[in-house]
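The values are calculated or read from the model by the stated rules, or taken from the named source; none is laboratory data. None of the values given here were measured: they were computed from a predicted structure. With ideal geometry, Cβ positions are generated from the backbone for all residues, glycine too; neighbour counts draw on all protein chains shown. Heads up: the accessible areas ignore ligands, DNA and RNA and are worked out on the full protein's heavy atoms, side chains in. Shrake-Rupley method; radii C 1.70, N 1.55, O 1.52, S 1.80 Å.
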Amino acid sequence: MDPARARLTWLLIAIVGALTVCPVLMLVLGSFSEGLTAFGHFTTDKYVQAYTDPAFLEVIYNTAVFVLGTSLLSTLLALFLAYLNTRTDIPFKFLFKVISIIPMMIPHLLFAVSWALLLNPSNGLINLGLKEAFGLGNAPLNIYSLWGMILVEGLLELPIAYLIIAPAMASFDVALEESSRVCGAGTWRTLIRVTLPVLRPAILAAFTLGMVRSLASFAVPSMIGMPGRVNVLATYLYEMIATGFATDYGKAAAVGMSVLVASVTLIVIYRALTAESERFVTISSRGFRPSVIQLGKARMPLFGLVGLLSFTLIVLPVAVLLYTSLVPYSMVPSARAFAMMDLRHWIGVLGDPISLLALKNSLFLAVVGATLGVILSIFVAYVIVKVKTRAAGMLESLSYLSFSFPGIVIGIGFMWFFVQTPLYATIWALLLGYIATYLPYGIRPMSSAFIQIHSHLEESSLVCGASPLTTMRRIIVPLLIPGIVSGWILMASMFVRELTLSVVLSRPGTEVLAVQILRFAEDGLWGKLSALGIVMIAISTTLVVVATLVGNRFKVA
Amino acid sequence: MEIRICGVSKYYYSEGKTIKALDDVNLTIPANEIFTLLGPSGSGKTTLLRCIVGLEMPDTGEIRIGNDVVWSKEKNISVPPEKRGLGMVFQTYAIWPHMNVFDNVAYPLQVRNVPKDVIRQRVAETLRFVQMEGFERRPATKLSGGQQQRVALARALVAAPKVILFDEPLSNLDAKLREETRKELRAFLGKLQITAVYVTHDRVEALALSDSIAVMRAGQIIEIGTPKKIYFDADHRFVADFIGRANLIKATVRADEGGYTVVESGLGRIVCQHRDLAIGSEATLCVRPEFIRIVKGTGQAGSNLLNGRIESLVFVGEAYEAEIRVGDEQLLAKIDPDAHLNEGDDVSFTLDPAHCLLVAL
């Protein structure tokens, strides 16, 4: 390879390596150290302390139930929806697209909050309603439990699982099913014997990714688990480092190590599974039409179920937040409640200097972070896709490494690092952490954009006499604009809502939106929380709308 | 401008094996000719072209374009493609989809900082030359395959390159359009005084377009010559077989008579084009199907008159393809579609000695 490309490759390996490997190294180092500011002597004390703690066993049990339950729920729901969409005559199929995309715009934290507002035992709206209706003394439902966490997290992971399973189901060769039918097997038997086994890699991939994501999830465990004293690893770690508790970063690092190992292992399995599922999927290029199963009488009830699910996933959280932000205290929607509505929570939030600071910080991080992240992603994706050397392969592995890092664990690693630098407690620490953790989300759309650019387009520019830089500016970047825009939106909207890394790295003065919302929840300020949450959703949505408009303008026909 | 390639090799490493994409290639491409590199896929023709244009770097050797050394392993010279001043038409045309026709064609001039009014004039001239005037504002994505091909040609020509290179430029077109475009391309290139290097695996394209053809196999150049030389008078069995359909029959040289070489073969005694071969040596007799002439009744003796039986007869439109058995040999023959013959008929045919080629084993 020519020296310029080789130099670029090694430069990127250095940058990405520093961003992803450094927090892991610091985590390892920290787990064997005496304290956050002074490493001290090598010691295994923290491991002994962490793993002999009697509470630890219960945390592990909770985590296992939570992670497995969540993945099972989301995978089954996704399978059900994907089958309905691709194989049956269910009406209004556009709803499935909505289900798979819109929930990503609603931050997990707020989704969890809205369920807490509905089903918490003291003043959850549904509980209040049920108590009134049936004259009950106690709240019949309690979201602050393991099953509540599984329900909410499962719904949150549904879109991702759907996005993995639906394409696999849509693209597999129907002749496989048809031949089973011809052989005499009925619809149900064909489903069990042929369809599901062929889809097995995709289903397992969705399940594994669900496990990784729920293992790393902090929003639901903190919002729904912690009030009910149900700790999973993420919240257990948080309690070790959160101000107000007895902080112990060494012990946190020691526990974090096993979370990290589990997560990395799962991701390795996931990548093997997706590779296998690509091999399994047999797209026939002939214009085939999957045979559509007539649902008959079940059509409307099933559609009702899908409708309910989309309502729960999209409308409900926003509606609950909006309602809560307007009523003075929790009450069942009624004429009286609507009469009492006012803007006191909104005025309160917009006059609250810390909330405004959090808003300002989040916007800064979203705009600057996404821009820097996308620029880095462009170069990394270019090398990964277009420079096929061993070093480029190394860069690829490095850059997808952080995909498997649970936010809170990597946050602890970064903490060990930033404490040694002047970046500690500055917004730049958050910025670096965000870019490092979310880099794969920028690289992914960028590499698929690069893959679509045939190398001849680039080579012909060189032959025409343009330098590599001119070629980048005039040919590659313009062709990448759709990819750049979608990468930017994805990163910016993730940064606006970022919680797991922020709860570790955020300090007074560097509050961000999600952390501020968490604080409101801890203080029970549901009205203010809802108002700020609506602001957060509005920013996310605006980002997506503006970026889509920009993207359309540059769209290559 | 002349291109000289000396001792160029290029290796690829794949799964622990070394593949010689180019194996010590020595070649001089004369100035102002249409020179074709012809070969089956994997023969190294595209790699050689990409080495000339600078998109690949050879592992050994030297490449000169005119008087400039653009690549030399020994002298450590490597001129990047953008500094070589060449024009190239890619297999995919590589028309940039985000630009219109004007910007695509103007690009080579824009990157050379040519004044705007000169650019406008040159682009207009070039588009007129490829018969695409009036298409300046057309978005690149709204062009047909043939139009894309012309825009690609215009872009390759606009900066008046010393050499223009074509990498299988017609392979993405459908059969009918390919034929028309081939004729056009011939006409365009005929009007220009330019060295053109053309890569193809299509023998008809090579024969129709070229002044000279170099036939390649496994990273090596097997034979160079004019289309007629390659077709009628190839020295190598591989070349004779690759350039057209051929019946290849084992033969032994028996005599050298009256400017002809006479061989003994499965067909009997055949008078062939003269070759300097020792009496008694082995050779391969190559007879193209279209030079097998059916004679009515009994033909004149002495000019390779043979008798055989038609084993199969397939109507393919412009001709019959017949398999004629002569002794143990089976010959593929192209017969006039109006010949009244049936399978199983006994036929007599002649082979013109001028079209009986002897090629090396």
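How far is helix B:116-129 tilted, in degrees, relative to the longest principal axis of the Cα atoms in chain B, given as a value from 0 to 90 rounded to the nearest 10? Helix B:116-129 sits roughly 20 degrees off the main axis of chain B.
Summing Cβ point charges (Lys, Arg +1; Asp, Glu -1) relative to the Cα centre of the protein assembly as shown gives a dipole of roughly 2020 debye.
Computed about the Cα centre, the dipole magnitude for segment A:162-219 is approximately 180 debye when only Lys and Arg (+1) and Asp and Glu (-1) carry charge, each at its Cβ.
Please give me the summed charge of the neighbours of A:Met105: other residues whose Cβ is under 14 Å from its Cβ, Lys and Arg +1, Asp and Glu -1. Provide the component values of the computation, followed by the final result.
Details: positive: A:Lys97, A:Arg497; negative: none.
Overall, the nearby charge balance is +2.
With the alpha-carbon atoms of segment B:129-189 aligned to their principal axes, the span from lowest to highest coordinate is 29, 29, 18 Å, starting with the largest. The distance from the alpha carbon centre of segment B:246-262 to that of segment B:198-233 is 25 Å, rounded to a whole number. With point charges of +1 on the Cβ of Lys and Arg and -1 on the Cβ of Asp and Glu, referenced to the Cα centre of chain A, which listed residue (A:Thr470, A:Trp115, A:Ser493) lies farthest in the positive direction of the dipole? My answer, from the dipole projection, is A:Thr470.
Only Lys, Arg, Asp and Glu carry charge here, each on its Cβ (+1 for the first two, -1 for the last two); on that basis segment B:123-181 has a dipole of about 200 debye about its Cα centre. Close amide H contacts of B:Cys356 (hydrogens built in the peptide plane, cut-off under 5 Å, sequence separation of 5 or more or a different chain): B:Gln273.
When both bridge partners sit in the protein assembly as shown, DSSP labels roughly 80% of those beta bridges antiparallel.
In summary, the lysines within cross-link reach of B:Lys45, defined as a Cα separation below 23 angstrom excluding same-chain residues under 8 places away, comprise A:Lys386, A:Lys388, B:Lys10, B:Lys17, B:Lys20, B:Lys73, B:Lys83, B:Lys162, B:Lys183, B:Lys228, B:Lys229. The alpha-carbon atoms of segment A:423-541, seen along their principal axes, cover 65, 31, 17 angstrom, with the largest extent given first.
Nearest 100 Å² is fine: what is the total accessible surface buried where chains B and A meet, probe 1.4 Å? Present the calculation step by step, with values, prior to reporting the outcome.
Numbers: alone 17410 and 24620 Å², together 40040 Å².
Buried surface at the B/A interface: approximately 2000 Å².
Along its three principal directions, the equivalent ellipsoid of segment B:276-361 from the Cα gyration tensor extends over semi-axes of 25, 14, 12 Å, largest first. Derived value for segment A:365-499: Kirkwood hydrodynamic radius 15.9 Å. Basis is the mean of 1/r over every pair of different alpha-carbon atoms. Within the shell defined by Cβ-Cβ distances under 14 Å, the residues around B:Thr47 carry a net charge of -2, with Lys and Arg each +1 and Asp and Glu each -1. For segment B:54-180, the solvent-accessible area works out to 44 Å² per residue, with a probe of 1.4 Å and every protein chain left in place.
Per-residue accessible area (protein heavy atoms, 1.4 Å probe) orders A:Ile517, A:Ile164 as A:Ile164, A:Ile517, starting from the largest.
With the Cα gyration tensor of chain B giving a ≥ b ≥ c as the square roots of its eigenvalues, does the rule (a/c under 1.5 for rounded; else a/b larger than b/c for prolate; else oblate) give rounded, prolate or oblate? Prolate is the answer for chain B, as a/c is 1.5 or above and a/b outweighs b/c.
For the set A:Tyr61, A:Tyr47, A:Tyr238, A:Tyr329, the ranking by accessible area, highest first and with no ligand, DNA or RNA atoms included, is A:Tyr61, A:Tyr329, A:Tyr47, A:Tyr238 under a 1.4 Å probe. Values of log10 I(q)/I(0) for segment B:23-82 across q = 0.16, 0.18, 0.20 Å⁻¹ run -0.53, -0.67, -0.83, by the Debye formula with one identical scatterer at each alpha carbon and no solvent. Restricting the calculation to Cα atoms, the protein assembly as shown shows an Rg/Rh of 1.10 when the hydrodynamic-style radius is the Kirkwood one. A Förster radius of 41 Å combined with the Cβ-Cβ distance from A:Lys131 to A:Val477 puts the calculated FRET efficiency at roughly 0.10. Inter-chain neighbour count for A:534-545: the average number of beta-carbon atoms from partner chains within 10 Å of each residue's beta-carbon is 0.
Per residue, how much accessible surface does segment A:205-248 expose to a 1.4 Å probe? Answer in Å², no decimals. Each step should come with its number before you reach the end.
Details: 1300 Å² over 44 residues.
Per-residue accessible area for segment A:205-248 comes out at 30 Å².
Less than 5 angstrom separates the built amide H of B:Tyr198 from those of B:Phe35, B:Thr36, B:Leu37, B:Phe166, all sequence-distant by 5 or more or on a different chain.
The Cα-based radius of gyration and maximum Cα-Cα distance (Dmax) for segment A:307-441 are 21.7, 69 Å.
Sites counted here are trypsin sites (Lys or Arg not before Pro) in a DSSP loop (not H, G, I, E or B) having no more than 12 other Cβ atoms within 10 Å; the longest part of chain A that contains none of them is A:1-228. Please list, by residue number, everything in segment A:198-242 whose backbone N is under 14 Å from a paramagnetic label point 7 Å out along Cα→Cβ of A:Tyr61. Residues A:230-232 fall inside that zone.
I'd like the accessible area for A:Asp89, computed on protein heavy atoms only with a 1.4 Å probe and all protein chains in place. Round to 10 Å², please. So the heavy atoms of A:Asp89 present about 40 Å² to solvent. Along the axis of the charge dipole computed for segment B:246-359 (Cβ charges of +1 for Lys and Arg, -1 for Asp and Glu, origin at the Cα centre), the listed residues B:Ile279, B:Val314, B:Leu331 are led at the positive end by B:Ile279. 3J(HN,Hα) along segment A:374-383, derived from phi through the Karplus expression 6.51 cos²θ - 1.76 cosθ + 1.60 where θ = phi - 60°, amounts to 5, 4, 4, 4, 4, 5, 5, 4, 4, 5 Hz, with x in place of Gly and Pro. Is the shape of segment B:1-159 rounded, prolate or oblate, going by the alpha carbon gyration tensor and its root eigenvalues a ≥ b ≥ c, with a/c under 1.5 for rounded and a/b larger than b/c for prolate? Prolate, since a/c reaches 1.5 and a/b exceeds b/c. For A:Phe218, no residue whose modelled amide H falls within less than 5 Å of its own remains once neighbours fewer than 5 places apart on the same chain are excluded.
Taking a quarter of the surface of the Cα convex hull of segment B:204-361, what do you get in nm²? Don't skip to the answer; put the middle values down first.
Working: hull surface 41.1 nm².
Average of the hull's projected areas for segment B:204-361 equals 10.3 nm².
Rounded to the nearest 0.05, what FRET efficiency do B:Gln220 and B:Gln131 give with R0 = 30 Å and r taken as the Cβ-Cβ distance? Could you check?
The pair B:Gln220/B:Gln131 has a calculated efficiency of 0.15.
Toward the positive end of the charge dipole of the protein assembly as shown, with +1 on the Cβ of Lys and Arg and -1 on the Cβ of Asp and Glu, the farthest Cα among A:Phe450, A:Ala202, A:Gly527 is that of A:Gly527.
Across segment B:96-104, rounded Karplus estimates of 3J(HN,Hα) from the backbone phi angles (6.51 cos²θ - 1.76 cosθ + 1.60, θ = phi - 60°) give 5, x, 8, 10, 8, 4, 4, 5, 4 Hz, Gly and Pro being marked x. Within segment A:450-467, the residues that become at least 40 Å² less accessible when every protein chain is included than when their own chain is isolated (1.4 Å probe; DNA, RNA and ligands ignored) are A:His456, A:Leu457, A:Glu459, A:Ser460, A:Leu462, A:Val463, A:Cys464, A:Gly465. Summary of the geometry: segment B:46-64 and segment A:437-505, compared by the centres of their Cα atoms, lie 31 Å apart.
Straight Cα distances below 24 angstrom link A:Lys46 to the lysines A:Lys251, with same-chain residues fewer than 8 positions distant left out.
Measuring from each cysteine beta-carbon in the protein assembly as shown, the ones with no other cysteine beta-carbon under 4.7 angstrom are A:Cys22, A:Cys183, A:Cys464, B:Cys6, B:Cys51, B:Cys286.
One Cα centroid belongs to segment A:407-422, the other to segment A:1-31; the line between them spans 17 Å. Expressed to the nearest 5 percent, the antiparallel share of DSSP beta bridges inside segment B:3-241 is 60 percent.
Calculate the mean, over all residues of peptide B:90-97, of how many other protein chain Cβ atoms lie within 10 angstrom of the residue's Cβ. If you can, show how the numbers build up before the last one.
Numbers: counts 7, 2, 5, 4, 11, 3, 10, 7.
Averaged over the peptide's residues, the number is 6.
The 3J(HN,Hα) values that the Karplus relation (6.51, -1.76, 1.60; θ = phi - 60°) gives for segment B:206-219 are, in residue order, 4, 5, 6, 9, 8, 8, 9, 10, 10, 8, 10, 8, 6, x Hz. Gly and Pro appear as x.
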